[in-house]
Every structure is written in structure tokens, then in C-alpha cells.
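This report refers to the structure that appears directly beneath it.
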Amino acid sequence: MVTTSEGADSTQNSLVLRVRNAIKDAGINHSEVARRIGLDASKLSKSLAGTRKFRVEEISGISELTGVTTDWLTTGRRAGPPRRVIVTDVPAQHREVPDVVDDGTRADAHAAGGAAAGPAPTKEWMSKGTRNRLKIIAAAWWLYADLGIDKVRTEDVADAAGVSASAVNYHFRTKDQLLQAALRYSLDVIAETRHLNDSADPIGVLRHFARIHAGVDPKIRRVWSIWLQCWARAATDESARANLTAVYGEWMDMIMTIIDSGQRTGAIRTGNTALMVKSLSIFIDGLGVARTTEHMPITDDEALTMLENYLAAHVLTGDTHDTRTPKSDRVAAAGRPEPTS
């Protein structure tokens, strides 16, 4: 474990912060980091949240992957994270400026001229293979969400990513493998939206996590499109069910990490944590389906009220219930226009 003889808690917190900054500056999504250093994604999530200590070999792998020294990661001395130059993650015809950028502020489509929404822009310093792999995943994610999984061919993904069809087949031998990578990319979109690995404010993180995944945040529309399609496939296809189960386990781990942090601070109820996580996930899924398919008209304000009522009744301790504020105040705080329906 990476520890020191004195000020262990402070040192560990500083280590976690430097690791998170190094990964963010390197522009590599968390699933890719976990895969490259041979670590389970849920364990990386817990380490980044401060609930699990990094091992020496993990720090070494992250150091090599992000281009910073192990000395800087563990002590903060010497060279810090190098500045990188961003390269586009998908071709221009498939880019869209995100509704909300990473710091939670609004981005103007013409003024910003930004890259596509998503957590995995490629970098010049990455190997060509890594850059191509990330481009393929990002392109597939957009196409699956907008056109439908069954309508997208390998050639379509290759054209959108700016690579050859053989390159797509090299990185992903089957469509199921590419679909699973696209599902994980959805988790990264959610996780990177507003620093959801931050354990300093578990209640704020939980509320934001629930709100964006329940379809309140317009940026998550494509995430829900892919989830809904995968659920439908899983009902009759065993392979699709296995892919969904694997990725869904990571989504549950993300909720578990937040719940664990809140329980340690006394802000979230104790008890059967696993059941609490499952119940919250089912509630969010149901609300998200209703919001996405629009088979049951639900406004932003109604969705926020239902979420807050559920958290107050089943998750939060009594002194952490968010008293309902006027709709205009909540909308302003979220940085988005007031709903019209």
C-alpha cells in the first residue's frame, strides 16, 4: 500500500487527488485506465473515491500510463503532470458541443467550438493503436445511440472514426465486444460529467448522479438510448444479457461507492447497503425509462421532486433531506433553461 508514517489520511487524500488530476490531464477514461493497469474497474473507482488504498504496482502503472513520475504521484515533489495537446476523438461530422462541460458550466456551441461530449478525447502522446481504439468506441457510441444498434455496420463505425474496417475488427473481433465497450463509455460519460468520484460531498454527488441518470440532464439522452436498446436485446439474447450484466455491475459499484462514503459520514442511512443500492438503481431506471420514451409525461420539476422524495424516504438520514426550493432557483442552479412542459 502507498502510505506514510505520519499524516497518513492527509497523504492518502493528496495522493488520490494527484492520481485523479493525472488521469484527467492525460484524457484517459477510468475504464481504460483500469484495463491498462490490470485492475478491476470497481476497485479503481473505490481508490479514486478514497475508500481503497492504491497498491504500489497500481501507482507505477498509472505513472507510466499518464506520463508523470511515481515520485510526483506519491509525494507531490519534482515534475508535475505534463501539459498535453488534445486531438479530436471523433470526426467533425459526428461532433457536438456538450450541454454541460466538466466544470458544470454552460458551453456555447459557436463560441466554444468544442469537441464531442464524452470523457475520452485522444492525445498526441498516445500510441496510434490506443487513439484508434478510443475513436472507434466514441464513434460507435454516437452511432448506436442515434441510429440504433442493429442499423450500424462495421463500415459505418470505421467511417465515423476515420479508420479502416480492418482496424475496427482488429480492436473488436465481434459486435458484442464493441457494444460492451460502448456501454462502458456511457458509464464514463456519466462519471466524468461532474467529478462523481469526489467523496468530499457524497450527498451532492448522489443527488447529481441520480438526476443526470434519471434523464433530467439533457446530455444523457444518448446514454439512455443505448441502455434501452441493450435491455431489449438482453430479454432474448444470452450474449447481450451477459454483456449488460457485466457493465451493469460497474454501474452498481459506482452507486455503492457513493453510498459507502455517505454512510461513513452519517449522511446516508446504514442497514442493508446492497439492497439500498439495488432499490435506488431500480427507481432511477424506471424514472429514466419514462423520461426517455415519454410514454408517461414527466416534467423536469416532477422528476426532481420524485427523486428528492425517494432519497428522503429511503436513503438519506433525517438531517440531510433537501428542503424543496422554488423551481426557478433549482433550474438556475442547474444551469439550464426552465422546462416548458
| task | Report the Stokes-Einstein translational diffusion coefficient (µm² s⁻¹, integer) for segment 123-181, Rh taken as the Kirkwood radius over Cα pairs, at 25 °C with viscosity 0.890 mPa s. | result | 218 µm²/s
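So, with +1 on the Cβ of K and R and -1 on the Cβ of D and E, and no other charges, what is the size of the charge dipole of segment 8-75 about its Cα centre, to the nearest 20 debye?
220 debye
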| task | In whole angstrom, note down how far apart the Cα centers of segment 272-315 and segment 54-72 are. | result | 39 Å
| request: Output the relative contact order of segment 8-75, whole-number percent, from Cα pairs under 8 angstrom with separation of 6+ residues. | output: 38 percent
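Pairs Lys43/Lys151; Lys24/Lys46; Lys151/Lys278; Lys24/Lys151; Lys53/Lys135; Lys24/Lys53: which exceed 27 Å Cα-Cα?
Long pairs (Cα-Cα over 27 Å): Lys43/Lys151; Lys151/Lys278; Lys24/Lys151; Lys53/Lys135.
Under 10 Å from the Cβ of Ala303, count the other residues' Cβ atoms, weight Lys and Arg +1, Asp and Glu -1, and hand me the total.
Values: positive: Arg211, Arg291; negative: Asp300, Asp301, Glu302, Glu308.
Neighbourhood net charge equals -2.
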| query | Put a dot 7 Å past each Cα toward the Cβ at Lys151 and Arg35; how far apart are the dots in nm? | reply | 2.6 nm
| query | So what are the ³J(HN,Hα) numbers for segment 246-254, from phi and the Karplus equation (6.51, -1.76, 1.60; θ = phi - 60°), rounded to whole Hz, Gly and Pro as x? | reply | 5, 6, 5, x, 5, 4, 5, 4, 4
| Under 5 Å between amide H atoms, partner at least 5 residues away or on a different chain: which partners does Ile268 have, H built in plane at 1.01 Å? | Gln263, Thr317
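Read-outs throughout are calculated quantities, based only on the coordinates presented, and are distinct from any laboratory measurement. This is a predicted model, so every value here is computed, not measured. Please note: Cβ atoms are built from the backbone with ideal geometry, for glycine as well, and neighbour counts cover all protein chains shown.
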